[in-house]
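J.: Input: one structure, supplied below.
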Amino acid sequence: MLFQHIYDKSLAQASYFIGCQKSSVAAVIDPKRDVDTYIEIAKQNNMQITHIFETHIHADFLSGSRELAALTGAEMFLSDEGGSDWQYEFPHKGIRDGDKIALGNLIFEVIHTPGHTPESVSFLLTDKPASKEPVMLFTGDFVFVGDVGRPDLLEKAAGIKGTQDAGARQMFDSVQKFSLLPDYLQVWPGHGAGSACGKALGAVPSTTVGYEKIRNWALQYKQDQNGFVDYLLADQPEPPKYFAMMKKLNKVARPLLTSVPKLKLLTGEDLKSAMDKGIKLIDTRNKNDFANGFIPGSINIQANNSFSTWVGWFLNYEEPFILLAEESQLDDITRKLMRIGLDNVMGYIPSTETYTSLGAKLNQMNLIDFEDIKKCVDKNDCQIIDLRGISEYKSGHIKNADNIFVGTILNNIDRINKLERVVIHCQSGDRSSIAYSLLAKEGFTNIFNYSPGMNEWIANEQEIILN
């Protein structure tokens with residue numbers, strides 16, 4: 001058996017390439033949309049991809065199953081569980097609990113494991129030449145290292161009312177089923193630490209059933225279903241705005257993108273014309289470079305591992321946009337955009353010089369240091385806005401700070417003081433740079449960014465308020 005774990009750090013998303021070396025055939029589980037990765041692995045190992053599996057209809061990334069099927073001719077094996085509202089709306093091979101699918105000498109058995117979503121399934125793998133017993137379980141968003149999948153996304157992100165409590169109770173039953181599996185079984189989940197699909201995911205890539213029985217909080221609730229439900233639903237992170245669109249696009253026969261597109265280099269005139277029409281410019285530079293000089297109206301979303309998540313908060317799926325990015329970063333950034341379906345990139349500019357070459361001037365960010373924000377707190381003479389998530393805020397915040405999560409900042413403009421000084425901060429400055437750029441674009445001139453954020457505040461042993 002050939003086994004390869006493919007991990008996208010930007011979405012903390014895992015996919016898997018599993019091949020039968022004797023038969024030279026392979027399967028991919030939960031492929032990302034830039035599928036050239038899997039095709040290259042197959043080429044290097046003289047294998048043909050014949051099977052594509054999905055654990056569920058994903059909310060956090062755009063599945064590459066249909067792209068991979070179009071390029072390889074592989075058959076898609078997708079869940080027909082969960083009822084009529086949870087069916088894929090394009091041709092596929094439907095699978096249900098107990099089905100067994102052969103891939104050369106390998107057998108994949110389908111286990112229906114609802115909870116995260118009603119149609120979720122896991123795949124139990126047996127490598128027949130090595131053992132008659134199963135060796136691996138691919139759980140998708142069912143069981144993670146130290147956690148289980150959240151059941152509230154359908155309600156919070158997709159707006160499907162009344163689903164989170166029912167999902168949590170389904171998850172309890174699925175966890176009981178998981179606890180009956182043999183301890184030695186390897187568990188390979190769909191996500192790692194940093195994913196918004198759970199609240200306490202571990203950072204290691206895999207685990208075992210036995211280890212999770214000891215470590216995972218969800219397996220400590222033997223008979224207490226109500227306690228399990230309450231804990232599972234409490235303090236889940238804010239689901240990114242784009243999740244609702246992912247649910248829709250992963251279910252329907254959307255347009256395919258079978259290669260990584262090459263972006264057009266724009267001139268200063270192109271940029272000016274586009275921005276005059278209201279087209280957004282996403283500045284992917286480091287927050288410090290942005291602070292020192294930025295194009296008026298641009299939005300700073302750094303090209304780091306969180307890029308996809310934040311772009312998904314502030315761009316919709318109809319509007320075109322432009323990138324400010326170095327040429328060496330374009331392939332990586334374009335892939336990150338592909339993975340959440342943001343395909344309407346008009347082009348890019350490589351630096352702010354494209355703008356200043358027209359004779360225009362850059363703006364600079366208003367920054368505030370530790371001594372100034374301390375005076376602000378002591379005198380209570382400015383508004384302080386904590387941009388972190390609600391659970392972060394409750395775990396410790398600056399006295400009198402208001403909590404407005406950065407993802408919803410544009411929906412809470414009326415809560416921001418327009419006359420007095422306003423200080424914004426997060427944990428370490430990434431989110432506050434996003435918020436500053438958004439507020440500057442909205443015309444605010446009284447915003448000051450405390451970029452070192454809670455990291456510096458705590459390091460200086462300042463008072464924090466709980467809850």
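Table: residues versus (1) under 17 Å from LEU153 (Cβ atoms); (2) within 22 Å of the chain's Cα centre (by Cα); (3) buried (at least 21 other Cβ atoms within 10 Å of the Cβ).
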residue: GLN164; (1), (2), (3): yes, yes, no
residue: PRO182; (1), (2), (3): no, no, no
residue: TRP188; (1), (2), (3): no, yes, yes
residue: ALA196; (1), (2), (3): yes, yes, yes
residue: THR208; (1), (2), (3): no, no, no
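J.: Assuming VAL229 fulfils every condition listed in (1) among the aliphatic types (A, V, I, L, M); (2) surrounded by 19 or more Cβ atoms within 10 Å (Cβ to Cβ); (3) part of a loop (DSSP other than H, G, I, E, B) apart from one, which condition is it?
T.: Result: VAL229 passes all but (3).
J.: Could you tell me whether segment 39-47 includes any residue that is in a loop (DSSP other than H, G, I, E, B), of a type in the set (A, V, I, L, M), more than 22 Å from VAL260 (Cα to Cα) and out of contact with any strand residue (DSSP E or B) (no Cβ under 7 Å at 6 or more places or on another chain)?
T.: From segment 39-47, those in a loop (DSSP other than H, G, I, E, B) are 45-47; that's our starting set.
Those still in the list that are of a type in the set (A, V, I, L, M) too: 47.
So of that shortlist, the ones also more than 22 Å from VAL260 (Cα to Cα) come out as 47.
Checking the rest, the ones that are also out of contact with any strand residue (DSSP E or B) (no Cβ under 7 Å at 6 or more places or on another chain) come to none.
So far as segment 39-47 goes, no, none of its residues is in a loop (DSSP other than H, G, I, E, B), of a type in the set (A, V, I, L, M), more than 22 Å from VAL260 (Cα to Cα) and out of contact with any strand residue (DSSP E or B) (no Cβ under 7 Å at 6 or more places or on another chain).
J.: Tell me, yes or no, whether segment 306-323 has at least one residue that is part of a loop (DSSP other than H, G, I, E, B), touching a residue at least 60 places away in the same chain (Cβ under 8 Å) and either in the same structural domain as ASN449 (by TED's automatic domain parsing) or hydroxyl-bearing (Ser, Thr, Tyr) (or both).
T.: Among the residues of segment 306-323, at least one is part of a loop (DSSP other than H, G, I, E, B), touching a residue at least 60 places away in the same chain (Cβ under 8 Å) and either in the same structural domain as ASN449 (by TED's automatic domain parsing) or hydroxyl-bearing (Ser, Thr, Tyr) (or both), which makes the answer yes.
J.: Further question on the same structure: Go through LEU362, LEU358, LEU367 for me and flag whichever is surrounded by fewer than 22 Cβ atoms within 10 Å (Cβ to Cβ), out of contact with any Ser or Thr (no Cβ under 8 Å at 6 or more places or on another chain) and in contact (Cβ under 8 Å) with a residue 12 or more places away in the chain. Spell out the reasoning first.
T.: Values: LEU362 fails: out of contact with any Ser or Thr (no Cβ under 8 Å at 6 or more places or on another chain); LEU367 fails: out of contact with any Ser or Thr (no Cβ under 8 Å at 6 or more places or on another chain).
Exactly one residue qualifies, and that residue is LEU358.
J.: Look through GLY167, GLY194, GLY149 and report the one residue that is of a type in the set (Gly, Ala, Ser) and either in contact with a Cys (Cβ under 8 Å, 6 or more places away or on another chain) or under 30 Å from LYS22 (Cβ atoms) (or both). Steps first, answer last, please.
T.: Working: GLY167 fails: either in contact with a Cys (Cβ under 8 Å, 6 or more places away or on another chain) or under 30 Å from LYS22 (Cβ atoms) (or both); GLY194 fails: either in contact with a Cys (Cβ under 8 Å, 6 or more places away or on another chain) or under 30 Å from LYS22 (Cβ atoms) (or both).
Only one candidate passes the filter, namely GLY149.
J.: Of everything in segment 59-74, what is surrounded by fewer than 16 Cβ atoms within 10 Å (Cβ to Cβ) and in contact (Cβ under 8 Å) with a residue 24 or more places away in the chain? Give them in sequence order. Spell out the reasoning first.
T.: Kept after step one, since they are surrounded by fewer than 16 Cβ atoms within 10 Å (Cβ to Cβ), are these residues of segment 59-74: 70, 73.
ALA70, the sole residue that qualifies.
J.: Can you tell me which residue in segment 263-287 is surrounded by the fewest Cβ atoms within 10 Å (Cβ to Cβ), limited to those that are in contact (Cβ under 8 Å) with a residue 24 or more places away in the chain and of a type in the set (Lys, Arg)?
T.: LYS264
J.: Could you list, in sequence order, all residues of segment 25-45 that are without any contact (Cβ under 8 Å) to a residue 40 or more places away in the chain and either assigned by TED's automatic domain parsing to the domain that holds GLN302 or surrounded by fewer than 17 Cβ atoms within 10 Å (Cβ to Cβ) (or both)?
T.: ILE39, GLU40, LYS43, GLN44
J.: Could you list, in sequence order, all residues of segment 203-221 that are in a loop (DSSP other than H, G, I, E, B) and not small (Gly, Ala, Ser)?
T.: Of segment 203-221, the ones in a loop (DSSP other than H, G, I, E, B) are 203-206, 216, 221.
Once the filter is applied, which keeps residues that are in a loop (DSSP other than H, G, I, E, B) and not small (Gly, Ala, Ser), segment 203-221 yields VAL204, PRO205, ASN216, TYR221.
J.: Identify, by number, the condition in (1) surrounded by 14 or more Cβ atoms within 10 Å (Cβ to Cβ); (2) more than 14 Å from PHE290 (Cβ to Cβ) that LEU419 doesn't meet.
T.: Condition (1) is where LEU419 drops out.
J.: Report yes if some residue within segment 70-79 is in contact with a Leu (Cβ under 8 Å, 6 or more places away or on another chain), hydroxyl-bearing (Ser, Thr, Tyr) and under 26 Å from LEU257 (Cβ atoms); otherwise report no.
T.: The answer is no, given that none of the residues of segment 70-79 is in contact with a Leu (Cβ under 8 Å, 6 or more places away or on another chain), hydroxyl-bearing (Ser, Thr, Tyr) and under 26 Å from LEU257 (Cβ atoms).
J.: Can you name the residue in segment 440-465 that is assigned to a loop (DSSP other than H, G, I, E, B) and of a type in the set (A, V, I, L, M, F, W, C) and is also surrounded by the fewest Cβ atoms within 10 Å (Cβ to Cβ) among such residues?
T.: Step one: filter segment 440-465 for residues assigned to a loop (DSSP other than H, G, I, E, B), giving 442-446, 450-452, 460-464.
Filter once more, so that each one left must be of a type in the set (A, V, I, L, M, F, W, C): 444, 464.
Numbers: PHE444: 17, ILE464: 14.
Among those that are assigned to a loop (DSSP other than H, G, I, E, B) and of a type in the set (A, V, I, L, M, F, W, C), it is ILE464.
J.: Check PRO237, PRO189, PRO205 and return the single one that is closer than 18 Å to VAL148 by Cβ and touching a Lys or Arg at 6+ places or on another chain (Cβ under 9 Å).
T.: On the way: PRO189 fails: touching a Lys or Arg at 6+ places or on another chain (Cβ under 9 Å); PRO205 fails: touching a Lys or Arg at 6+ places or on another chain (Cβ under 9 Å).
Answer to the check: PRO237.
J.: Does PHE307 satisfy the criteria of being modelled with pLDDT under 95 and either surrounded by fewer than 21 Cβ atoms within 10 Å (Cβ to Cβ) or within 20 Å of the chain's Cα centre (by Cα) (or both)?
T.: Values: modelled with pLDDT under 95: no; either surrounded by fewer than 21 Cβ atoms within 10 Å (Cβ to Cβ) or within 20 Å of the chain's Cα centre (by Cα) (or both): yes.
So PHE307 fails the test.
J.: Do you know which of the residues in segment 378-395 that are in contact with a strand residue (DSSP E or B) (Cβ under 7 Å, 6 or more places away or on another chain) and at pLDDT 95 or above is nearest to MET275 (Cα to Cα)?
T.: Step one: filter segment 378-395 for residues in contact with a strand residue (DSSP E or B) (Cβ under 7 Å, 6 or more places away or on another chain), giving 382-387, 390, 393.
Filter once more, keeping what is at pLDDT 95 or above: 382-387, 393.
Details: CYS382: 33, GLN383: 31, ILE384: 31, ILE385: 29, ASP386: 30, LEU387: 27, TYR393: 35 Å.
So, considering only residues that are in contact with a strand residue (DSSP E or B) (Cβ under 7 Å, 6 or more places away or on another chain) and at pLDDT 95 or above, the one nearest to MET275 (Cα to Cα) is LEU387.
J.: While we're here: Residues that are out of contact with any Gly (no Cβ under 8 Å at 6 or more places or on another chain) and surrounded by 21 or more Cβ atoms within 10 Å (Cβ to Cβ): find the strands (runs of 3 or more DSSP E) completely inside segment 79-126 holding 1 or more of those. Walk me through it before giving the result.
T.: Details: elements: 93-95, 100-103, 106-112.
The strands (runs of 3 or more DSSP E) meeting that bar are 93-95, 106-112.
J.: Further, regarding this structure: LYS399 fails exactly one of the following numbered conditions: (1) closer than 26 Å to GLY297 by Cβ; (2) surrounded by fewer than 20 Cβ atoms within 10 Å (Cβ to Cβ); (3) in contact (Cβ under 8 Å) with a residue 40 or more places away in the chain. What is the number of that condition?
T.: Exception for LYS399: condition (1).
J.: Within segment 172-202, track down each residue that is part of a loop (DSSP other than H, G, I, E, B) and basic (Lys, Arg).
T.: Narrowing segment 172-202 to residues part of a loop (DSSP other than H, G, I, E, B): 180-185, 190, 192-202.
Result: LYS199, single match.
J.: Given (1) touching a strand residue (DSSP E or B) at 6+ places or on another chain (Cβ under 6 Å); (2) assigned by TED's automatic domain parsing to the domain that holds GLU319, where does ALA291 come up short, assuming only one miss?
T.: (1)
The values are calculated or read from the model by the stated rules, or taken from the named source; none is laboratory data. All values derive from a computational prediction rather than experimental measurement. Backbone-built Cβ (ideal geometry, glycine too); neighbour counts: all protein chains shown.
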